Amino acid sequence: MAVWDDLVGQDRVIEQLAAAARDADALVTAAGPDASAAPEAAGASRMTHAWLFTGPPGSGRATAARAFAAALQCVSPDRATGGPGCGFCDGCHTSLVGTHADVEIVRTDLLSIGVKETRDLVRRAQLSPAGGRWQVIVLEDADRLTEGAGNVLLKAVEEPAPRTVWLLCAPSLEDVLPTIRSRCRSLTLRTPPTAAVADILVRRDGIEPELAVRSARATQGHIGRARRLATDERARARRAAVLKMPLRVADMGGCLKAAQELIDAAAEDAKQVAEEVDTKETEELRAALGAAAGTGGRLPRGTAGAMKELQDRQKRRATRTQRDSLDLALTDLTGFYRDVLAIQLGSRVELANDDARDALERVARGSGPEATLRRIEAITACRQALDRNVAPLLAVEAMAVALRAG
Ligand SMILES: [Zn+2]
């Protein structure tokens, strides 16, 4: 069925969601046109008010949640036979593209979601659905809720309005407050096989098959990253630079230089995002606050706070972008040494970085498996240091030096 088509390699999850959507549809039909009425469950329903989608990054948590939202809003006359989620009717289509009045998709480019934003959402969740079916709220980064925000959300999840459905997404169950996850039905997505990822890149994005396979393999089943690698030349150049790092850490000077370059590249990414979004956002806010057009336009009295709030937000976003970019580089680097280890152990697994075969072989010949394991640990330690807010350059330098010793 069409709304599930973008979910790669998740047959079991699709089965469960399709069954729940069928029961949800039966509930709405039985309740009749009064959208404020609590749908009466006839027997055991596979539908429930709160869901938690977990799975490794790139497995398609948000895609699954959105597909389910669409299926809940499906109004196709054929849904009684084919099941809801045709993908073509107005309900499905507007849900998938994010314009359905009763589907709120919350995604953040910040490090955390605070109490204020969550209160707004909870208020919204109290509304009856305008279209008479379900009020669906998709929280794509439930792992970013602050503890305070989590407690605000908890009340809403505990006593949901009769037609409200919460769809929370997070990397793992541990990323969500225990009190919240115990009230959600949980679904776990798996890392899709690389062949399935390559297939969807070809089918949906029109990417040339060889490049699709290479991108899917390089990113080990992470759909979003595979797509980016296949379509964005800059991402490919960035990855190639990261994979050269293991050959450049032969001496102390090389280590420090490589570390500085990783940090600079992450800062460059943040700068690019800022250039794309910040100026426009600032101009829009100035206009909304009633500033006179042009550079000399002064802001009306009492609006400086709103401008300051935007600037803080932009700063937090820059931090997050830098962190994500650095994290991506470390992921690629870990993948490199995993391949080295596979070669050293003579294992027959598919290499993620087959396109960097020469470098892999050289590093594999020049060291033993123990050294490789130690290097992988050094990258993990760097990640943990970054999580603890150690200064990025310091953490990456320490890692680069550890990559050398061996
Ligand atoms: Zn539909």
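Conditions (1) under 26 Å from the mean Cα position of the chain (by Cα); (2) surrounded by 13 or more Cβ atoms within 10 Å (Cβ to Cβ); (3) part of a helix (DSSP H, G or I), marked per residue:
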{"position": "L326", "(1), (2), (3)": "yes, yes, yes"}
{"position": "L330", "(1), (2), (3)": "yes, yes, yes"}
{"position": "F336", "(1), (2), (3)": "yes, yes, yes"}
{"position": "G346", "(1), (2), (3)": "no, no, no"}
{"position": "R357", "(1), (2), (3)": "no, no, yes"}
{"position": "A364", "(1), (2), (3)": "no, yes, yes"}
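Spot the failing condition for L111; the list is (1) surrounded by 15 or more Cβ atoms within 10 Å (Cβ to Cβ); (2) outside any helix (DSSP H, G or I); (3) away from the ligand (no atom under 16 Å from the Cβ), and only one is missed.
L111 satisfies all of (1) surrounded by 15 or more Cβ atoms within 10 Å (Cβ to Cβ); (2) outside any helix (DSSP H, G or I); (3) away from the ligand (no atom under 16 Å from the Cβ) except (1).
How many residues are out of contact with any Pro (no Cβ under 9 Å at 6 or more places or on another chain), more than 7 Å from the ligand (Cβ to nearest atom) and part of a helix (DSSP H, G or I) when one looks only at segment 61-96?
From segment 61-96, those out of contact with any Pro (no Cβ under 9 Å at 6 or more places or on another chain) are 62-69, 77-88, 90, 93-96; that's our starting set.
Filter once more, so that each one left must be more than 7 Å from the ligand (Cβ to nearest atom): 62-69, 77-78, 80-83, 90, 93-96.
Subset that is part of a helix (DSSP H, G or I): 62-69, 80-82, 90, 93-96.
The qualifying residues number 16.
Counting just the residues of segment 130-159 that are out of contact with any Gly (no Cβ under 8 Å at 6 or more places or on another chain) and in a loop (DSSP other than H, G, I, E, B), which one comes out surrounded by the fewest Cβ atoms within 10 Å (Cβ to Cβ)?
Let us first name the residues in segment 130-159 that are out of contact with any Gly (no Cβ under 8 Å at 6 or more places or on another chain), namely 130, 132, 134-145, 147, 150-159.
Subset that is in a loop (DSSP other than H, G, I, E, B): 130, 132, 134, 140-141, 159.
Details: A130: 11, G132: 16, W134: 24, E140: 20, D141: 21, E159: 9.
So, considering only residues that are out of contact with any Gly (no Cβ under 8 Å at 6 or more places or on another chain) and in a loop (DSSP other than H, G, I, E, B), the one surrounded by the fewest Cβ atoms within 10 Å (Cβ to Cβ) is E159.
Looking at segment 70-84, I want the residues that are touching a residue at least 12 places away in the same chain (Cβ under 8 Å) and have a partner that is near the ligand (Cβ under 8 Å from one of its atoms) and in a helix (DSSP H, G or I) with Cβ atoms under 6 Å, at least 6 apart or on another chain. Which pairs are those?
From residues that are touching a residue at least 12 places away in the same chain (Cβ under 8 Å), the pairs are A70/V3; A70/C92; A71/V3; Q73/G91; C74/G91; C74/C92; V75/G91; P84/A71.
Kindly indicate whether R190 is modelled with pLDDT of 90 or more, within 30 Å of A352 (Cα to Cα) and part of a loop (DSSP other than H, G, I, E, B).
Details: modelled with pLDDT of 90 or more: yes; within 30 Å of A352 (Cα to Cα): yes; part of a loop (DSSP other than H, G, I, E, B): yes.
Yes: the conditions hold for R190.
On the basis of being without any contact (Cβ under 8 Å) to a residue 40 or more places away in the chain, buried (at least 23 other Cβ atoms within 10 Å of the Cβ) and more than 10 Å from the ligand (Cβ to nearest atom), does V103 make the cut? Give the steps one after another, and end with the answer.
Details: without any contact (Cβ under 8 Å) to a residue 40 or more places away in the chain: yes; buried (at least 23 other Cβ atoms within 10 Å of the Cβ): yes; more than 10 Å from the ligand (Cβ to nearest atom): yes.
Here the answer is yes, as V103 does meet what is asked.
Here is a yes/no grid of residues against (1) in the same structural domain as L173 (by TED's automatic domain parsing); (2) closer than 27 Å to A318 by Cβ; (3) modelled with pLDDT of 90 or more:
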{"residue": "D199", "(1), (2), (3)": "no, no, yes"}
{"residue": "L211", "(1), (2), (3)": "no, no, yes"}
{"residue": "G224", "(1), (2), (3)": "no, yes, no"}
{"residue": "R239", "(1), (2), (3)": "no, yes, yes"}
{"residue": "G253", "(1), (2), (3)": "no, no, yes"}
{"residue": "D264", "(1), (2), (3)": "no, yes, yes"}
{"residue": "V273", "(1), (2), (3)": "no, yes, no"}
{"residue": "A288", "(1), (2), (3)": "no, yes, no"}
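The values are calculated or read from the model by the stated rules, or taken from the named source; none is laboratory data. Everything numeric here is computed off the predicted structure, so don't read it as measured data. Positions of Cβ are backbone-derived with ideal geometry, glycine not excepted, and every protein chain shown enters the neighbour counts.
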